[in-house]
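What follows is a short report on a single structure.
The values are calculated or read from the model by the stated rules, or taken from the named source; none is laboratory data. Because the structure is predicted, anything quoted here is derived from the model rather than measured. Heads up, the Cβs are rebuilt from the backbone with ideal geometry, glycines too, and the neighbour counts pull from every protein chain shown.
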Amino acid sequence: MKKAKSLIILFVALTTIIVFDSCKRGVDDPFFSFRSRKSRVTGDWTIESMESQILKTIGTQQLKANVKFNINGTGVSLSIDSIDTPHDTTKSYTGIIKESEYRFDKNSKMTHTLKYEITEEKTQVNETTNQTTIERWVTTFETKGSGTWNFLGRVEINGIDKYKNKERIAFIYEYKYQKIDSVYTKRVLNEEMVEIPNLSTYKTSSYVIDNGYANGQYAEIWVLRELRDKKIVMERDVNEYVVTNTVATVNGATGTATSSSYRGRGAEKITLKPRQ
């Protein structure tokens, strides 16, 4: 009898812990879940959708641009609108996702990979020579990061909860790597649509941004709007200043490392689903 009572007490205690850790925190959270918030985050995820709109101020010359970036399934759209110019300089691009993954392990380690490709093509016909020029740019963007993740605690202002306990999640980066590979080809065709080799061009370029961080030097704070067994929706306000170290390679020749900076202000929202 005593043993049965002990088991009941233990069960009640464990159930209470689960209830307190698994109740609704985010705006669109399920009302109740049998899984803890940590276990719902832990695992391998891929990006289902993303909305990003950031005003970027680049370098000491204070060049400004509104950058909109969206992911929808395997599709990507990018819009760059330069500011303080006398004419419309908005450029829009579309592309495809090559790889996307967030990995959160139970020991609070995190890795992140995003790789996508944007293709642009332009065709012109010279009415005098009847030659057709086809220019093509293929640019691959790759971002990798590693560090730790953890929940943040409750924040109260004037007796009112601004954020509940474990409503926010922090990504503390220890390393971030970005690479931009670009391939440019120009093909010139005669009126029979046969390529003229000596007029064609092929160029490659690569830019690597490689940074290490320590003591929480670079962090992202996300609000968990929705946390379910098979879905995470999170959003954040962006207000960051980043100094980067860049190495450029053009047609195989590597240049010297240069340092630059940018400031970003805006907002991002991302939806994750389990990686298959």
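Residue-level analysis places ALA170 among those that are in a strand (DSSP E or B), under 29 Å from ASN66 (Cα atoms) and modelled with pLDDT of 95 or more. Within the range 125-144, residues that are under 15 Å from ILE209 (Cα atoms) reach partners that are of a type in the set (Val, Ile, Thr) with beta carbons closer than 7 Å, at six or more positions or on different chains, in the pairs PHE141/ILE180; LYS144/THR113. Candidates VAL208, VAL188, VAL223: the one that is surrounded by 16 or more Cβ atoms within 10 Å (Cβ to Cβ), out of contact with any Cys (no Cβ under 8 Å at 6 or more places or on another chain) and touching a residue at least 60 places away in the same chain (Cβ under 8 Å) is VAL223. Here ASN107 meets the list (1) among the polar types (S, T, N, Q); (2) loosely packed, with under 15 Cβ neighbours inside 10 Å; (3) in a strand (DSSP E or B) almost entirely, failing just condition (3). The one condition from (1) more than 18 Å from the chain's Cα centre (by Cα); (2) surrounded by 15 or more Cβ atoms within 10 Å (Cβ to Cβ); (3) over 25 Å from PHE151 (Cβ atoms); (4) small (Gly, Ala, Ser) that GLY59 does not meet is (2). Restricting the range 203-243 to residues that are β-branched (Val, Ile, Thr) and over 22 Å from ALA267 (Cβ atoms) leaves a set whose member that is farthest from the chain's Cα centre (by Cα) is THR204. Listed here are the strands (runs of 3 or more DSSP E) enclosed by the range 186-276 that have at least 1 residues being under 30 Å from THR128 (Cβ atoms): 201-212. Residue count for the range 186-240 satisfying the condition of being of a type in the set (Phe, Trp, Tyr) and closer than 19 Å to THR111 by Cβ: 3. In the range 110-120, of all residues being surrounded by fewer than 17 Cβ atoms within 10 Å (Cβ to Cβ) and more than 27 Å from ARG40 (Cα to Cα), the one that is modelled with the highest pLDDT corresponds to GLU117.
Considering ASN72, ASN66, the condition of being touching a Leu at 6+ places or on another chain (Cβ under 8 Å) and modelled with pLDDT of 90 or more is satisfied by ASN66 alone. The number of residues in the range 146-166 that are at pLDDT 95 or above and either within 18 Å of the chain's Cα centre (by Cα) or not in a strand (DSSP E or B) (or both) comes to 4.
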